[in-house]
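Data first, discussion second: the structure below is written as structure tokens.
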Amino acid sequence: MKEAGEHPTKKMSESDIVNAVRKEFPDGVTIGGLAPRRIFARADRFVFYKLCQFLKDQLSFEHVSCVTGVDRIDRFQVVYHISSYQNQCVLEITVDIPREEPEIDSITPLWGGANWHERETYDMFGIRFRNHPRLERIFLPEDAQYFPFRKDFKLRGT
Amino acid sequence: MAEMWINMGPQHPMTHGLWNLRVKVDGETIVDAEPVVGYLHRGWEKLTENRMYPQIIPMSDRLCYGASMSWSHLYCLAVEELMDVEVPERAEYIRVIVLELQRIASHLMWLAAYGTDLGLLTGFVYAMRERELFLDLLQSVSGARMTYNYMRIGGVRNDLPPNFERDCLRTLDFFEKKLDEYEQIYDKSAIFRLRTEGVGILKAADAINLGVTGPSLRGSGVRIDIRDHDPYSVYDELDWDICTHPDCDCYARYKVRMDEMRMSCHIIREAFKKMPDGPVRVKAPRHAPKRTAFARVEDPRGEALMYVIGDGTDKPFRLKVRSPIFVTVSAVPIMLKGYKVADVPAIMGSVDMCLGETDR
């Protein structure tokens, strides 16, 4: 096993990564901004899985830091923070999904670390992840009929 | 032989919190395992949506009482990124000092707990005794022993108290001698070595793929530490090393934490030498702009990340916490399979669980 951080291949800069992504995905992926060690992107939900595959296989993004959902009221968003140990860089990907069909491909087959994050997002927002090995409630009881992090779920006393 | 499921917990002495580990055994051998979390879920992220930005600081302390300084720091860092607030340099140095004190205190609590898991009661008493010294230091800074409420958006609450540097350096000198003593108790104990060496193997490739971070990742020989890899505060101006160990077992994770405590002492000394004079806090706006931001830090337990969305008001629209142990716990089945039931406390203890941050 090659040790991360001591990878023999060359480290890519943020703009190299952006150029590679733009070349591979002329449609469906928009780069929103760049900062030192940070890239911000938006992706279409139908190219998202392919983008992740490309990130993992070609650009050595080895680690999923975080997956989460956001309820934007008119739509849902799934936000991914995927980082590369080799390139010292975090890529934030925001994917919009419609409220009436909250579904997106799971990236657990690529990175095992996304497993519980996706389960949590399902638990709290009701966003379904296709091909997830075990999409079940994680924090709430199995028979809970609500998704508490949606904005229409009101806390008592507020 | 017939296989069966055993429930360890919700409140098992080894679990250090409220959770349930289901292990499937064939005789005494573990063939499958399933951690069950959620007993402590408080809806932390939802609660923040009804509070103003400064009101969330004391809440972030409660994410993990073992490392509360680190969590409130992360929260402030994320909000500073959101609001574009520049922190004065002296405050950054103070942050590094208190964060490293917190790291030592947290690792000591782990060491003590690990001692009890493996029947080393002396280790428990000694480590808890020295932890008090660090809690005293943090108390003199903030007034509280565990939930400090010391970090502020734009700096820290107040400057270090008089004589803090002297007290702190004395404690470090004393503590470094004590670290040698712990090695007599832990390293030289044949039982401790037998129960931890070659047990709970987590290979580097698995650790990376499963998103494991912190001492558990470095115990698998991977040289990744956010303080160096994605530096924040003034860590890039200090001269220090990442502690790793190549053996991938429980002993390696123990060794990494011991080395990290020594390294924290080194970092604190250096920070005192380089710390400039000046203000420790700047005024921060009450309202955040309509944008998103995230920050990540090396918590004592691994990579912690907060993602915050501002909507122009004085309350966050959404605040997401990525806790290191949440991910590490999801990876424990791979560390448990193939070992005996009696190895479970050794393996689970080496992870350094904190259920407050796992369930949020």
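The values are calculated or read from the model by the stated rules, or taken from the named source; none is laboratory data. Computed from a predicted structure; not experimentally measured. FYI the Cβ positions are ideal-geometry reconstructions off the backbone, even for glycines, and counts take in every protein chain you see. Side chains included, ligands, DNA and RNA excluded: accessible areas come from the protein's heavy atoms. Shrake-Rupley method; radii C 1.70, N 1.55, O 1.52, S 1.80 Å.
For the reader, a short list of remarks on this structure follows.
- Residue match in region B:280-287 (condition: assigned to a loop (DSSP other than H, G, I, E, B) and basic (Lys, Arg)): yes
- Residues satisfying the stated conditions in region A:121-158, i.e. within 12 Å of chain B (Cβ to nearest Cβ), small (Gly, Ala, Ser) and either open to solvent by less than 20 Å² (accessible area, probe 1.4 Å) or touching a Pro at 6+ places or on another chain (Cβ under 7 Å) (or both): A:Ala144
- For region B:144-158, the set of residues classified as under 25 Å from B:Val85 (Cβ atoms) and open to solvent by 60 Å² or more (accessible area, probe 1.4 Å) consists of B:Arg157 only.
- Residue tally, condition within 8 Å of chain B (Cβ to nearest Cβ), part of a strand (DSSP E or B) and touching a Ser or Thr at 6+ places or on another chain (Cβ under 7 Å), over region A:58-75: 3
- Answer from B:Pro345, B:Pro289, B:Pro333 - the residue that is more than 12 Å from chain A (Cβ to nearest Cβ), open to solvent by 10 Å² or more (accessible area, probe 1.4 Å) and in contact with a strand residue (DSSP E or B) (Cβ under 6 Å, 6 or more places away or on another chain): B:Pro289
- Filter result (among the aliphatic types (A, V, I, L, M) and surrounded by fewer than 19 Cβ atoms within 10 Å (Cβ to Cβ)) within region B:26-46: B:Val31, B:Val36, B:Leu40
- Of all residues in region B:216-240 being more than 16 Å from A:Asn87 (Cα to Cα) and not in a loop (DSSP other than H, G, I, E, B), the one that is nearest to the other protein chains (Cβ to nearest Cβ): B:Leu217
- The one condition in (1) farther than 24 Å from B:Ile224 by Cα; (2) within 11 Å of chain A (Cβ to nearest Cβ); (3) open to solvent by 10 Å² or more (accessible area, probe 1.4 Å) that B:Thr313 fails to fulfil: (2)
- Lone qualifier among B:Cys248, B:Cys243 - being surrounded by 19 or more Cβ atoms within 10 Å (Cβ to Cβ) and without any contact (Cβ under 8 Å) to a residue 40 or more places away in the chain: B:Cys243
- Test: residue in region B:349-359 that is away from chain A (no Cβ under 14 Å), more than 25 Å from A:Phe76 (Cβ to Cβ) and among the polar types (S, T, N, Q): yes
- Residues located in region B:288-319, provided they are part of a strand (DSSP E or B) and at positive phi: B:Gly302
- Hits in region A:97-119 - residues which are open to solvent by 10 Å² or more (accessible area, probe 1.4 Å) and facing chain B (nearest Cβ under 8 Å): A:Gly112, A:Asn115, A:Trp116
- Among the residues of region B:196-225, those that are surrounded by fewer than 23 Cβ atoms within 10 Å (Cβ to Cβ) and in contact (Cβ under 8 Å) with a residue 24 or more places away in the chain comprise B:Glu197, B:Gly198, B:Val199, B:Ile201, B:Lys203, B:Ala204, B:Asp206, B:Gly221.
- When the residues of region B:37-47 are filtered to those that are touching a Lys or Arg at 6+ places or on another chain (Cβ under 8 Å) and outside any loop (DSSP other than H, G, I, E, B), the one that is nearest to the other protein chains (Cβ to nearest Cβ) is B:Glu45.
- Residue match in region B:338-346 (condition: of a type in the set (D, E, K, R), part of a strand (DSSP E or B) and within 24 Å of the chain's Cα centre (by Cα)): no
- Looking at A:Val47, A:Val78, A:Val70, A:Val21, just one residue is within 24 Å of B:Arg296 (Cβ to Cβ), among the β-branched types (Val, Ile, Thr) and in contact with a Gly (Cβ under 6 Å, 6 or more places away or on another chain), and that residue is A:Val78.
- Which listed residue is touching a residue at least 12 places away in the same chain (Cβ under 8 Å) and open to solvent by 20 Å² or more (accessible area, probe 1.4 Å), from A:Lys50, A:Lys23: A:Lys50
- Qualifying positions in region A:84-96 - more than 9 Å from every other protein chain (Cβ to nearest Cβ) and among the hydroxyl-bearing types (Ser, Thr, Tyr): A:Ser84
- Only a single item in (1) open to solvent by 10 Å² or more (accessible area, probe 1.4 Å); (2) within 10 Å of another protein chain (Cβ to nearest Cβ); (3) without any contact (Cβ under 8 Å) to a residue 24 or more places away in the chain is not met by A:His81, and it is number (1).
- Of all residues in region B:47-90, those being over 24 Å from B:Glu237 (Cα atoms), under 22 Å from the mean Cα position of the chain (by Cα) and open to solvent by 10 Å² or more (accessible area, probe 1.4 Å) number 4.
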